[in-house]
Amino acid sequence: MPETFDDLWHLYNIIYENDKVYARTTREVKPAEEYARPRRGQRVPVFLGVKAEKITWDKLLGRLRFHGTICEGPETVPMGAHHTINIALNRPLTVEKKKWAKHHVERLEKASKTSEKPITIIAIDDEGYVIGMTKQYGIQVEAEDRIKLPGKLEAEKRSTAVKKYLQKALSSLRHVWTTTHSPIVIIGVGFIKNDFAKYVKDEAKDIAESVVDIKSVNNSGIAGIYEALRSGVLLKTMKHLRIIEETGIMNKVLKRLGRNEHNVVYGFDEVKRAAESGAVETMVLADTILRKTSDEKRLLLEDLMKSVERKGGKVMIMSTEHEAGAQLVSLGGIVALLRFALS
């Protein structure tokens, strides 16, 4: 039963082509009378099983779509016909695989125990603001606005404009915060972030109580949020969040590569060679590699994961929905940090 959008994300990453998905859905059923005039059928609720051919995740509508051929259903529904099952929040489903890999089970178990609230981050400066919400798959932008304030030489006009700007930013923040009551972090370039924090304290005491940190960054907008993630200024409030761990791992990888060190490798063949030598400390895979690859290649990857774990290494599957994941994809989607350098 997916209860959060993160649950949908986890399901999206463990359900592959040819897996079977069972759920209640609706299906158009045409009249059965032999001599009935052709007319549009009636859409009725049914319980169906579908052998998945295409899996899509619609973040905007908050649902998973499984399209494939019907493998189980009532007599009124023809077996082998195509159908799409939509799974939204609080809609139960059953997933059947020929084989459940260890990382599938671990991912589901971890997701079922995850209870951390998301963090609301507002990056604000004198050019605009962005409000983002942390998710296990990355940052989801909830609101943003750009502005051009009068110059400092027009003090009176600027003061009036700044007040209207802070009021609008607070209104957007309240709209986002009201649905989650999550902790809030205010970041930004310059002094506007401090002015905004004071404005929130004066005008919205309920929201002010949720502000857990105020930090300076060098970049504005979404770039500032990612900077805050990379630099660790949000660790105080997000130390348990998976995205922090993934960003930290990619920082290690990029630093070692930048220094031309020999205790990091990337690409399937190089990682496999390191695993066979027992050198892999942490292997990192992009979720898209497991989700979009062929069955044959996926089995090779899963064998490699087992090999790393048998020799005491750690395996991490990284979301590609945030900056660190995109960096991993640019390296071929598979890297490994090593215990020792390979010759």
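What follows draws every value from the coordinates through simple rules; no lab data is involved. The shown structure was predicted, so the numbers you read here are calculated from the model rather than taken from an experiment. Note: ideal-geometry Cβ built from the backbone for every residue, glycine included; neighbour counts use all protein chains shown.
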- Task: Evaluate the Kirkwood expression for the hydrodynamic radius of the stretch 120-238, namely the inverse of the mean inverse distance over all pairs of different C-alpha atoms, and round to one decimal in Å.
- Result: 14.3
- Item | Span from the the stretch 116-189 Cα centroid across to the the stretch 278-343 one, whole angstrom | 36
- Protection proxy (average C-beta count within 10 Å per residue), highest first, orders 88-98, 165-175 as 165-175, 88-98
- Summed over the other residues with a beta carbon less than 12 angstrom from that of residue 263, with K and R at +1 and D and E at -1, the charge totals +3
- Note on the structure: Answer check: the stretch 242-338, Cα atoms, Kirkwood Rh, Rg/Rh ratio of 0.94
- Item | Highest average packing first - 133-140, 2-9, Cβ atoms within 10 Å | 133-140, 2-9
- What is the helix-to-structure angle for 221-231, meaning the angle in degrees between its Cα long axis and the longest Cα principal axis of the chain, kept from 0 to 90 and rounded to the nearest 10? 90
- Query: So what's the net charge close to residue 65: Lys and Arg +1, Asp and Glu -1, counting the other residues with Cβ under 9 Å from its Cβ?
  - Reply: +1
- Task: Give, as a single signed number, the net charge of other residues whose beta carbon lies under 11 Å from the beta carbon of residue 280, with Lys and Arg counted +1 and Asp and Glu -1.
- Result: +2
- Message: Tell me the relative contact order for the chain as a rounded percent, counting alpha carbon contacts under 8 Å between residues six or more apart.
- Response: 13
- May I ask for the equivalent-ellipsoid semi-axes of the stretch 5-113, computed as the square root of five times each C-alpha gyration tensor eigenvalue and listed largest first in whole Å? 31, 15, 10
- Helix axis angle, 295-310 relative to the chain longest principal axis, alpha carbon, degrees: 60
- Task: Please determine, in degrees from 0 to 90 and to the nearest 10, the orientation of helix 155-180 with respect to the longest principal axis defined by the Cα atoms of the chain, where the helix direction is its Cα long axis.
- Result: 30
- Message: In Å and on Cα atoms, what radius of gyration and Dmax does the chain show?
- Response: 24.7, 84
- Message: Under a Cβ-only charge scheme (Lys and Arg +1, Asp and Glu -1), can you give me the dipole magnitude of the stretch 242-338 about the Cα centre, in debye to the nearest 20?
- Response: 180
